[in-house]
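Here is the structure we will look at, set down as structure tokens.
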Amino acid sequence: MSANNTSNSQNNGNGAGIIPRPVEDDANDVTTDEEDGPGQLSDSSLEELQDNDFPAYFAERNGRLYPSEANSVYSLPVDTPEQERYTVNHIMLKRILGVDYQGATDSALTPDPTRSRRVLDLCCGNGKWVLDMAIHAPHAQFVGVDIVPIATRYPPDNVQFELLDVNTDLRWDNEHFDLVHARDVLMAVKDYDVLLHEVARLLRPGGQFLSVEWSNQLAVHISFPGNIEDIAPATVHFFDTVHHILAELGVDIDGSRVSANVTASNYFTNTNIRQIYVPVGTWSQNAQMDEIGSSFRTALKRMARGFRQMFIDYGLSNDEVDVLTAAFIQEIQMVDGLVAFVHITSAERSQAIRPFLPGDVSAEPAILISARVATTAYPDSKPWTPPAGWPGPYETPPNYNLTVSVLVDGSVLASGIVNAVPSPDDNGFAGWDHKLPFDLSKLQPRKEHYELDCRGVMSDGQAFLAKSNLTYLPEPSSGSVTKMNLQTGALLVQEPAGQGQFKPIFPIGFYTQFDKYLTNITVLSKIKEEGFNIVHPIPPFSNLTALDAVLDEMERLGLYLMYDMRWTYRNDSQVTAEVNRIKSRKNLLLWYTADEPDGTSDPLDATVQSYNLINTLDGGSSGSSGYHPVSLVLNCQDYQFTPYANGADIILQDVYPIGNNVTFSSEWGTECTPDFGDCGCDNCKGSLADISDRMDDFLQRFWYNNWTNSKAVWAVPQGFGGVQYWKRAPTGREFVAQSSLSIIHGAKGLVSWTDPTTDDIKAHASRFAYPLTHNMSSFILDPSTFWTIFGPEVGIEMSVWIRPDGSTLLLATNTEAEPSMLNLAEAQIGRTLFYSTAKRSEHHQTWLFEDGCTTAWSTGQNSTASVRLVDTILHFEAYGTVAIIYEPNPAGGGKNGTISPAQDRAMVLLSTACLIFGAYFIIGM
């Protein structure tokens, strides 16, 4: 609604009849509350409080209740009259704008079939907005926080109220919420910029911040002559006094400044600003607005009386307060044309991807900043002199801020405060990654990348410089685009038709023989039916007509292409011909160049030269990215990793430990040591643990080279045997164990060597593919999940991915040829997962692929039994694997849906899916 439009068309049926009957105002009695009427809005939650709650949360002063928290800056009461005023304001705005502010929350709350949407309401008061929104968006989970417990203790299942001070660090992990709502919070906030920093931390990439605040002074409607100082001097004096006192307390309640704060914070993008007015009184000649105006005038009277204690504490006498308040109340009773302005600011949290396209201008672009503090000198690292008191390794250091500016051609593109709090790491400390949003519209899309100069200054004055680049490409004229999420390493794709929204994909498939196999294109339908989403045809492709037929059929079926140039990647003319031939394919996912260049001692610069050429041909430029990432596979553990890996975005590892004598070469008749011999698996022990070690080695080298946010690791599970070094092929269960271990240790894609394979492997791989791509990947590729590895415990390795709402993926594999058991309590998984008792989910899905999978809940009849993940005992047969997805109970773990700050962060975990290969589990009851 604009400032000069009060037509009732804005109602749209929202809240019709909800505004309480306006209370008759009495201009002759401005000293008591009776004329405001107590009954219409008296649904106060104070009635739910117990006697012992009052001294804990409230302080009584002159007949009014205030927060007992000593550090609170909130100057109004929190008792029933004040809650009624809050309710009037809520109903009023709901009547004008709807509970969702005319669709302002739609983008953040669009249902997601893979997870629950999460909403945080700051300074929720009596929780009216949360409760209404919980009805409006029943698929979402809502949390309201306030410093006093005045919201209901009996909320619906998708609502939870907690006691928290918004001036402190909030308890949730990074990227927890899809929407953070802050209405009427200014009077309770000591430093709004600090609050915005915390909001940005809590929001997922693309998440929404929604602020609703009032101006700090009433105004005169445009249809009335004059200005507020002349028409309502007592009103101006009243609010000037309020603002002067609050300013001395460090509080700024001018809602018109919020949008500037949001923009200046550099945490957000796509900022939208709206301003509406609310009439004071019944002068508008519109029945609905007069009803709203009358109720609002009553609310203003209550607010004025609520400031009485603040005025007295400041030093005004009782008589001075009476005169100040009475003059204001009488003036808003008598003067027509007064309005209050409401400022609505919405903005979206930034995200970091590569490459950017013009369509990303409104898609929250950001630059990732890694402020790492280490005890080891790494490439491109800069020396830093720590202050006195800096702890040693494995100890928690204090906070240090880095003021960062990112410049392009001498102009600031992004800036902000980066927290250089490190976390323990084997080599010292690894700092958090921070996203600095920027305005992509300031740049023009082009083939050449933008050079970035990053400048950071520590709080102690030490300065640091770094360089990077940014790829912002024009929209391609044909073909597809594959982006990479730089936080997770996940690939983002459109449907193979090359249209629609970019979504993360977990690729799973095989290197696939071309001649005499793929050339029978009916094989592709089978591959699709088996649940695989990527095909890697193995060259050479001597018959290009047959190749086109295969690729056409893949595109029709929706199978992504990993295009292999292993035999030609060092021949520039051949690469040019092949890239130009393939790049317009709508299902092209990525390029593949060198196949084990470390094993064949290819020239150390060969992969980089090919990488630069491919990117130049594929819409980008040398040294930057094109429309599709480039991949290669490395065979050795530690031979020239950096120069070879420098020529790709995705590095695959191909440890093949099964059926192999790793100490004596059957091919060469020699021993194999770290310095000599070739046994087909470099520096291997001959167990599945070799896969874990190689994944960890590669990711550690990423960290060392500062590639953590620019490259990803995929795995090549062994799917063959009976040739060369390998006397047998893996069993199907061993194949799944290889795949699971790779994911446990960070793989973002699986492409096995080779297809055709054994029936046992293909069957197990197919059974693994569906839940991986449809359920597990939504955890593995989610930038908001907390990922941690447990083990190895008695040969069992396990990872958990925990979303901010507590939903959890557990993936565990027995790496040994003997049965084993894992008690999650003994593995201390409870240190990571918090739990309590709640109703069991009745909508779980179960995938059962082998006999012997038993689940306690599948036969239990007690629908309210306690289900605690930490009580689970996992039983594994040889090379068994189990994957379990747990969902949180939306009601929360606190008493009556409320969690106090003193309570642990409780979260109920209920099983909704299981994937079993040679294992079973029992949940303690």
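Listed values, structure above:
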{"quantity": "All positions within region 155-203 that are under 23 Å from L368 (Cα atoms), among the acidic types (D, E) and either modelled with pLDDT of 90 or more or surrounded by fewer than 23 Cβ atoms within 10 Å (Cβ to Cβ) (or both)", "calculated": "D169, D173, D193, E198"}
{"quantity": "Residue under evaluation I135, criteria (1) within 30 Å of A59 (Cα to Cα); (2) among the aliphatic types (A, V, I, L, M); (3) part of a helix (DSSP H, G or I), criterion not met", "calculated": "(1)"}
{"quantity": "Qualifying residue in region 292-314 (condition: closer than 30 Å to P437 by Cα, basic (K, R) and within 43 Å of the chain's Cα centre (by Cα))", "calculated": "no"}
{"quantity": "Verdict on N216 being surrounded by fewer than 24 Cβ atoms within 10 Å (Cβ to Cβ), closer than 19 Å to P783 by Cα and polar (S, T, N, Q)", "calculated": "no"}
{"quantity": "F464 in a loop (DSSP other than H, G, I, E, B) and either open to solvent by 20 Å² or more (accessible area, probe 1.4 Å) or more than 30 Å from N705 (Cβ to Cβ) (or both)", "calculated": "no"}
{"quantity": "R767 being touching a residue at least 60 places away in the same chain (Cβ under 8 Å), open to solvent by 30 Å² or more (accessible area, probe 1.4 Å) and either part of a loop (DSSP other than H, G, I, E, B) or more than 19 Å from I885 (Cα to Cα) (or both)", "calculated": "no"}
{"quantity": "Inter-residue pairs, beta-carbon under 8 Å, first in contact (Cβ under 8 Å) with a residue 60 or more places away in the chain and in region 185-208, second surrounded by fewer than 23 Cβ atoms within 10 Å (Cβ to Cβ) and among the aromatic types (F, W, Y), 6+ apart", "calculated": "L186/Y192; M187/Y74; A188/Y74; L202/W172"}
{"quantity": "Meets criteria (hydroxyl-bearing (S, T, Y) and outside any helix (DSSP H, G or I)) for S480", "calculated": "yes"}
{"quantity": "Test: residue in region 594-606 that is open to solvent by 30 Å² or more (accessible area, probe 1.4 Å), within 19 Å of F510 (Cβ to Cβ), outside any strand (DSSP E or B) and out of contact with any helix residue (DSSP H, G or I) (no Cβ under 8 Å at 6 or more places or on another chain)", "calculated": "yes"}
{"quantity": "Scan of region 85-115 for residues that are open to solvent by less than 10 Å² (accessible area, probe 1.4 Å) and either assigned to a loop (DSSP other than H, G, I, E, B) or touching a Ser or Thr at 6+ places or on another chain (Cβ under 7 Å) (or both), ordered by number", "calculated": "M92, G98, Y101, T105"}
{"quantity": "Qualifying positions in region 625-643 - part of a loop (DSSP other than H, G, I, E, B) and touching a helix residue (DSSP H, G or I) at 6+ places or on another chain (Cβ under 7 Å)", "calculated": "S625, G626, Q637"}
{"quantity": "Meets criteria (in contact with a Ser or Thr (Cβ under 8 Å, 6 or more places away or on another chain), at pLDDT 55 or above and either open to solvent by 40 Å² or more (accessible area, probe 1.4 Å) or not β-branched (V, I, T) (or both)) for E69", "calculated": "no"}
{"quantity": "Matching option when the condition is hydrophobic (A, V, I, L, M, F, W, C) and either more than 22 Å from R302 (Cα to Cα) or part of a helix (DSSP H, G or I) (or both), among V130, V78, V148", "calculated": "V130"}
{"quantity": "Hey, R446 assigned to a loop (DSSP other than H, G, I, E, B), over 30 Å from L547 (Cβ atoms) and at pLDDT 85 or above or not", "calculated": "yes"}
{"quantity": "Answer residue from region 422-443, given it is among the charged types (D, E, K, R) and open to solvent by 20 Å² or more (accessible area, probe 1.4 Å) and is modelled with the highest pLDDT among those", "calculated": "K442"}
{"quantity": "Enumeration of residues in region 271-299 that are part of a strand (DSSP E or B) and surrounded by 19 or more Cβ atoms within 10 Å (Cβ to Cβ)", "calculated": "I276, Y277, V278, P279"}
{"quantity": "Lone unmet requirement of (1) out of contact with any helix residue (DSSP H, G or I) (no Cβ under 9 Å at 6 or more places or on another chain); (2) within 25 Å of R701 (Cα to Cα) for S622", "calculated": "(1)"}
{"quantity": "Looking only at region 116-143, and only at residues there that are open to solvent by less than 40 Å² (accessible area, probe 1.4 Å) and among the β-branched types (V, I, T), the one that is farthest from R201 (Cα to Cα)", "calculated": "V130"}
{"quantity": "Elements of type strands (runs of 3 or more DSSP E) contained in region 505-568, each with 1 or more residues being modelled with pLDDT of 95 or more and over 21 Å from V481 (Cα atoms)", "calculated": "508-513, 534-538"}
{"quantity": "The lone exception for E451 - which of (1) surrounded by fewer than 16 Cβ atoms within 10 Å (Cβ to Cβ); (2) at pLDDT 85 or above; (3) under 30 Å from R581 (Cβ atoms) it fails", "calculated": "(3)"}
{"quantity": "Subset of region 306-348 [over 17 Å from P233 (Cβ atoms), part of a helix (DSSP H, G or I) and open to solvent by 10 Å² or more (accessible area, probe 1.4 Å)]", "calculated": "R308, Q309, M310, I312, D313, Y314, N318, D319, D322"}
{"quantity": "S610 vs. criteria of a type in the set (G, A, S), open to solvent by 70 Å² or more (accessible area, probe 1.4 Å) and modelled with pLDDT of 95 or more", "calculated": "no"}
{"quantity": "Filtered residue count, region 688-718, keeping only those that are over 21 Å from G599 (Cα atoms) and modelled with pLDDT under 90", "calculated": "8"}
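Results for (1) surrounded by fewer than 19 Cβ atoms within 10 Å (Cβ to Cβ); (2) among the hydrophobic types (A, V, I, L, M, F, W, C); (3) not in a helix (DSSP H, G or I), shown as yes or no for each residue.
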| site | (1), (2), (3) |
| --- | --- |
| A648 | no, yes, yes |
| P657 | no, no, yes |
| G669 | yes, no, yes |
| G680 | no, no, yes |
| G686 | yes, no, yes |
| S692 | no, no, no |
| F698 | no, yes, no |
| S710 | yes, no, yes |
| W714 | no, yes, yes |
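A quick yes/no check of all residues on (1) touching a strand residue (DSSP E or B) at 6+ places or on another chain (Cβ under 8 Å); (2) modelled with pLDDT under 85:
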| position | (1), (2) |
| --- | --- |
| G461 | no, yes |
| S478 | no, no |
| K483 | yes, no |
| G489 | yes, no |
| Q494 | yes, yes |
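The values are calculated or read from the model by the stated rules, or taken from the named source; none is laboratory data. Note that the coordinates shown come from a computational prediction; the quantities given were computed from them, not determined experimentally. With ideal geometry, Cβ positions are generated from the backbone for all residues, glycine too; neighbour counts draw on all protein chains shown. Accessible surface areas use protein heavy atoms only, side chains included; no ligands, DNA or RNA. Shrake-Rupley method; radii C 1.70, N 1.55, O 1.52, S 1.80 Å.
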